[in-house]
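Novice: Please find one structure pasted underneath; my questions will follow.
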Amino acid sequence: MAADGGMGHATKRREDVRFLVGRGKYCDDYVPAKTSYCAFARSTVANGKIKSINTKAAAKMPGVVAVFTGDDFVEVGGNPAGWLINSRDGEPMKEPKRPVLAHGKVRHVGDAYAAVIAETREQALDAVEAIEADIQELDAVVNMADALANTKTLVHDEIGTNQCFDWGWIEDNRAATDEAIKNAPHVTTLELVNNRLVPNALEPRCSIGEYDPGTGDYKLTTTSQNPHLTRLLISAFVMGIPENKLTVHAPDVGGGFGSKIYHYGEEALVLAAAKKLNRPVKWTSTRTEAFLSDAHGRDHVTKIELACEKDGTFIAFRTETMANVGAYLSNFSTATPTFLHGTLMAGNYTVPNVYVNVKAVFTNTAPVDAYRGAGRPEATFSLERVIDKAARELGINPIEIRRKNFIKPDQYPYASAAGLEYDSGNYDALMDGLEKLADISGFEARCKESAKNGKLRGLGINSYIEACGIAPSNLVGVLGSRVGLYDAATVRVNATGNISVMVGAHSHGQGHETAFPQIVADMLGVDPMSIEIVHGDTSKIPFGMGTYGSRSLAVCGSAVFRATEKIIAKATLIAAHMMEDKPDNVDFDAGEFSVKGTNKKVSFGEVALKAYIPHDFPLESIEPGLEETAFYDPANFTYPSGAYGCEVEVDPETGKVDICSMVAMDDFGTVVNPLIVTGQVQGGLAQGIGQALLEHGIYDENGQLLSGSFMDYAMPRADDLPNLVVDHSHATTCTHNPIGAKGCGEAGAIGSPPTVVNAVVDALQRGGFDVEHIDMPVSPARVWAAMNE
Amino acid sequence: MYNFEFTKPKTIKDAAKALAADGAQALGGGQTLLPTMKQRLAMPETLVSLTEVDGMVGVDSRGTGLTIGGATTHAQVASDAADVYPALAGLAAGIGDPAVRNRGTIGGSLANNDPAACYPAAALASGATITTNKRDIHAVDYFQGMFETALAEDEIITAVQFPIPQAGNYQKFVQPASRFALVGVFVAKTADGVRVAVTGASGSGVYRWTAAETALNSDFSAKAIEGLSDDPSEMITDLHGTAAYRAHLVGVLTRRAVTASR
């Protein structure tokens, strides 16, 4: 056991020092010699036929070295969807090609149809304005219901429909669920919108392509959450560059939230241009481009029905959802509304019947893909809103109706009606903790205080479950995933005893550089500061699947654990050799090997040195060196869960909502670094509150993004947030990974939106307003309108 | 951003001369102009910075009212006017964030006349006089619609003179993203009567809500305008609120401003 800084220690994030003093090195900080600069011509119309693009004038502009259009990429492949979904009738989803640059048609505002490379960024931008594009504007498809009904106006003419797929989960349960709802004593129905969000990571995307004509090697430096996936997509699908001739490096990355999981056309373009021009090509997104071209999140329209007994016992959930995938299929866009959403639709409950129908819809809007929570916030929002409404209709306390239906601790492993096997949890314990920490019993008194000040106070309760560390590969393969979902780590003990750990996960705010060493230090009994994490560079790290879905610790951390176990096993052989005894007789504790029953001992550092100076090694049984790799493929998802409580005050005159308190009681299993976990939850809560009250990516009927800048897209700011109370002490460990960790990155963004909306509706109901639901963002204008309808 | 020339004159005369050239554009704190230029939506040939022109910075309360130099930042107004005209200082303290307040200027704000800006409401309600390098313009004549003012091309706001009301207050209901006024109401009770100036609500920019003024002239209390609401027909509807909501807010904020007037 490490004396300090091991498992469970609230170590401050070591990487923050360089970030806080301005010494982080982000993509845009990389300027290779002879760098040229790329700017894109992007569509100003949502749907248009490209009749001609004349680049002659642009090519003659000062400093311009090349101009590319879609014609230049006709021969290369398209950017694929990573998950094949089959419709209810067995037909595979519609999968139109997503080209590097738009060809023939532009399909959303911001769709890039040409690129200019010039000596300076300004010259490239000047030349973009000199491109003469004749684009005939066509009617746009924006509203999802219209898109499904309208077979004349199509986003992709070649597929003959705007429907990507019509998915049923679980199709075999459909009839039983329908029957259960038909015969149920009480059915609560709710129609709701899960608002489109624009991720808005602090650092916009940036990509630099380089090509070495001497070796034929390519290098892409890019803002990515998973460099190996980007390399695989570019190599296997888009450009055919052999994987061993392409390095993808994601250095410090300023936030991703999902939007940087995916491969984007700009990355392929800078690589192609770098080869053609034989010099580095760099593109840095503006904030405007980020709004228009980053993959957005959420955007579901759902009808949910909850059938229950009069006493509140759940009988069935049934949903019909339209999920917007935008103009093109982004890499995980088809998995997000299906297997990351439908499978969670049983929630924390012993409900016997669940049926989920999702129609994915193409529209002339930016692609929509996984965004912090990815499908699970949508599931939780639908469930927890309709449960609240049912509780009100049945006259049952919202805490009691949830407790009545919770899976109990002795029921694990529990096979949910939506097809998952939950391994552990204790939802009543979380709710107990919430009731205490949020002082639920004192709510009525606070409500009266608020009333004295002319404010309507409300209490929102929510319980959630999510599935993290999406796995295992053999199951997701059956379900349509085109990639495996393991991760990998190499632990390299250097001769002088310090340690490099190469990991497949990528850290862009998660604190891996601090947390992963805590695991290794704990196991080896060494100082965590002697351990360095290497990540983000495919030429240095083993093939890993990157960071998303709260998977880093549960999946990659487990790979680190397994690799470290291998290190201990080999070090034990070396130690036994050094102490001239059998390995079975050797114990390892607190960084020291000893022979049982003797005073013989060697330190871990001595063993490391011996591993690299093997003058007397029995080479037939022990190889020199001390370096081990593990690939870890989980046996199951992990299932973090939580109970959240929120109190709001509504100003009845203006409709403004103030959040007075937010308490998050989460079960993340084993916690490696409680300080980092608390920070992750706080960040998630801020984004969830942002979704609930402020954020909205909204297009007009012509497909123009109305909230296309921070002047209209409201990001949550510090003064929008209450003091966030975070507790993760009520933990049940994950039963199938060696750490016992479940994942904490998305929880706050999953649990908080329904908590806030439940509280607002509660406040209005208590104030005598017959308001059953308000769509997010619950803006003052919407609250006022709901009160005055 | 397109290339441009930059000049920083030291005198009003030089500034006016520079501004008379084709394609010249005055630059105050740049809080609207620079983002517009970054997006390539404006392409001035020359920026004429007004921040170092002699005598254009400062808050002077030695006379009967308050005279504020055209290049004075919001932050300085917030601190230096706090004792003499707290309603105006409060307004300045609520504009944007600290970075905006330390760059943005009163002259820049009034010259731009954004329909959701705060200062136009203060100027119109206070009965301010906008002093330029050529003349004095009364606030009533100055504001001429959305982004429209009485200023000529080469005219520079050198100072703004605020008579100090007997009581006044500004209430702003922020648009959640920009934090400009979704609706802002400045109420000033003066010897000549009550003035109620509304920003953010109308597509024509700042205006006076005369019906409320009439009611408040006979009884300066929130109760006097209880139930009174402004006409929404000329008001803005956008993704942050309908015209009806804005009209409702005008009533709420006016009552609150009257109650809070000091």
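The values are calculated or read from the model by the stated rules, or taken from the named source; none is laboratory data. Please read these numbers as outputs of a predicted model, since none were measured by experiment. With ideal geometry, Cβ positions are generated from the backbone for all residues, glycine too; neighbour counts draw on all protein chains shown. Ligands, DNA and RNA are stripped out before the accessible areas are found, and what is left, the full protein with its side chains, is counted by its heavy atoms. Shrake-Rupley method; radii C 1.70, N 1.55, O 1.52, S 1.80 Å.
Novice: Could you list all residues from the stretch A:694-712 that are in contact (Cβ under 8 Å) with a residue 24 or more places away in the chain and facing another protein chain (nearest Cβ under 8 Å)?
Specialist: Those that are in contact (Cβ under 8 Å) with a residue 24 or more places away in the chain and facing another protein chain (nearest Cβ under 8 Å): A:L694, A:H696, A:I698, A:S707, A:F710.
Novice: Among the listed residues B:T210, B:T259, which satisfies the condition of being away from chain A (no Cβ under 14 Å) and of a type in the set (V, I, T)?
Specialist: B:T210
Novice: Those residues that are touching a Leu at 6+ places or on another chain (Cβ under 6 Å), over 19 Å from A:A366 (Cβ atoms) and open to solvent by 30 Å² or more (accessible area, probe 1.4 Å), I need them from the stretch A:673-702; list them, please.
Specialist: Within the stretch A:673-702, just A:Q682 meets the criteria.
Novice: So which of A:G77, A:G90 is within 21 Å of A:S207 (Cβ to Cβ) and either part of a loop (DSSP other than H, G, I, E, B) or in contact (Cβ under 8 Å) with a residue 40 or more places away in the chain (or both)? It would help to see each step written out before you state the result.
Specialist: Values: A:G90 fails: within 21 Å of A:S207 (Cβ to Cβ).
Going through A:G77, A:G90 in turn, the sole match is A:G77.
Novice: Name the helices (runs of 4 or more DSSP H) wholly inside the stretch A:111-212 in which the number of residues that are not assigned by TED's automatic domain parsing to the domain that holds A:A81 is 3 or more.
Specialist: The qualifying helices (runs of 4 or more DSSP H) are A:144-149, A:174-182.
Novice: Report yes if B:A15 is more than 14 Å from chain A (Cβ to nearest Cβ) and at pLDDT below 95, otherwise no.
Specialist: Here the answer is no, as B:A15 does not meet what is asked.
Novice: Going residue by residue through the stretch B:2-11, is there one that turns out to be within 14 Å of another protein chain (Cβ to nearest Cβ), more than 20 Å from the chain's Cα centre (by Cα) and at pLDDT below 95?
Specialist: Within the stretch B:2-11 (the criterion being within 14 Å of another protein chain (Cβ to nearest Cβ), more than 20 Å from the chain's Cα centre (by Cα) and at pLDDT below 95), the answer is yes, since at least one residue qualifies.
Novice: Scan the stretch B:210-256 for residues that are over 23 Å from the mean Cα position of the chain (by Cα) and of a type in the set (K, R) and report the count.
Specialist: Adding up the residues that qualify gives 1.
Novice: If you scan the stretch B:233-256, which residues turn out to be within 14 Å of chain A (Cβ to nearest Cβ) and of a type in the set (G, A, S)?
Specialist: Correct list: B:G241, B:A243, B:A244, B:A247, B:G251.
Novice: Return a yes/no flag: does the stretch B:22-39 have any residue that is surrounded by fewer than 13 Cβ atoms within 10 Å (Cβ to Cβ) and not β-branched (V, I, T).
Specialist: yes
Listed here are the residues, each with its yes/no results for (1) in a loop (DSSP other than H, G, I, E, B); (2) touching a Leu at 6+ places or on another chain (Cβ under 6 Å).
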| site | (1), (2) |
| --- | --- |
| A:K303 | no, no |
| A:N324 | no, no |
| A:N331 | yes, no |
| A:P337 | yes, no |
| A:V354 | no, no |
| A:K359 | no, no |
| A:A374 | yes, yes |
| A:F381 | no, no |
| A:I396 | yes, no |
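Novice: Only one of these conditions is not met by A:C734: (1) in contact with a Ser or Thr (Cβ under 7 Å, 6 or more places away or on another chain); (2) within 11 Å of another protein chain (Cβ to nearest Cβ). Which number is it?
Specialist: (2)
Novice: Determine, yes or no, whether A:E435 is in contact with a strand residue (DSSP E or B) (Cβ under 6 Å, 6 or more places away or on another chain) and acidic (D, E). Don't jump to the end; show me each part of the working.
Specialist: Values: in contact with a strand residue (DSSP E or B) (Cβ under 6 Å, 6 or more places away or on another chain): no; acidic (D, E): yes.
No, not satisfied.
Novice: Follow-up. One residue is enough: does the stretch B:224-232 have a residue meeting the conditions free of Cβ contacts under 8 Å to residues at least 60 places away in the same chain, open to solvent by less than 30 Å² (accessible area, probe 1.4 Å), in a loop (DSSP other than H, G, I, E, B) and away from every other protein chain (no Cβ under 14 Å)?
Specialist: Within the stretch B:224-232, one or more residues are free of Cβ contacts under 8 Å to residues at least 60 places away in the same chain, open to solvent by less than 30 Å² (accessible area, probe 1.4 Å), in a loop (DSSP other than H, G, I, E, B) and away from every other protein chain (no Cβ under 14 Å).
Novice: Could you please let me know if A:S473 is more than 22 Å from A:D666 (Cα to Cα) and of a type in the set (S, T, N, Q)? Quick ask: steps written out before the conclusion?
Specialist: Numbers: more than 22 Å from A:D666 (Cα to Cα): yes; of a type in the set (S, T, N, Q): yes.
Here the answer is yes, as A:S473 does meet what is asked.
Novice: Quick one: which strands (runs of 3 or more DSSP E) lie wholly within the stretch B:42-158 and hold at least 2 residues that are within 15 Å of the chain's Cα centre (by Cα)?
Specialist: Working: elements: B:46-49, B:66-69, B:129-132, B:136-138.
Once the strands (runs of 3 or more DSSP E) in the stretch B:42-158 are filtered for at least 2 residues that are within 15 Å of the chain's Cα centre (by Cα), what remains is B:66-69, B:129-132, B:136-138.
Novice: Taking the residues in the stretch A:213-245 that are touching a residue at least 40 places away in the same chain (Cβ under 8 Å) and part of a strand (DSSP E or B) as candidates, determine which candidate is nearest to the chain's Cα centre (by Cα).
Specialist: Among those residues, the one meeting the criterion is A:T222.
Novice: Sticking with this one: Can you give me the ranges of the strands (runs of 3 or more DSSP E) entirely in the stretch A:431-531 with at least 1 residues that are surrounded by 23 or more Cβ atoms within 10 Å (Cβ to Cβ) and acidic (D, E)?
Specialist: A:487-493
Novice: Mind counting the residues in the stretch A:635-672 that are away from chain B (no Cβ under 14 Å), outside any strand (DSSP E or B), over 23 Å from A:N723 (Cβ atoms) and open to solvent by less than 10 Å² (accessible area, probe 1.4 Å)?
Specialist: Number of matching residues: 2.
Novice: Would you say A:A268 is of a type in the set (A, V, I, L, M, F, W, C), farther than 25 Å from A:T334 by Cα and in contact with a helix residue (DSSP H, G or I) (Cβ under 8 Å, 6 or more places away or on another chain)?
Specialist: Details: of a type in the set (A, V, I, L, M, F, W, C): yes; farther than 25 Å from A:T334 by Cα: no; in contact with a helix residue (DSSP H, G or I) (Cβ under 8 Å, 6 or more places away or on another chain): yes.
Against the criterion (of a type in the set (A, V, I, L, M, F, W, C), farther than 25 Å from A:T334 by Cα and in contact with a helix residue (DSSP H, G or I) (Cβ under 8 Å, 6 or more places away or on another chain)), A:A268 does not qualify.
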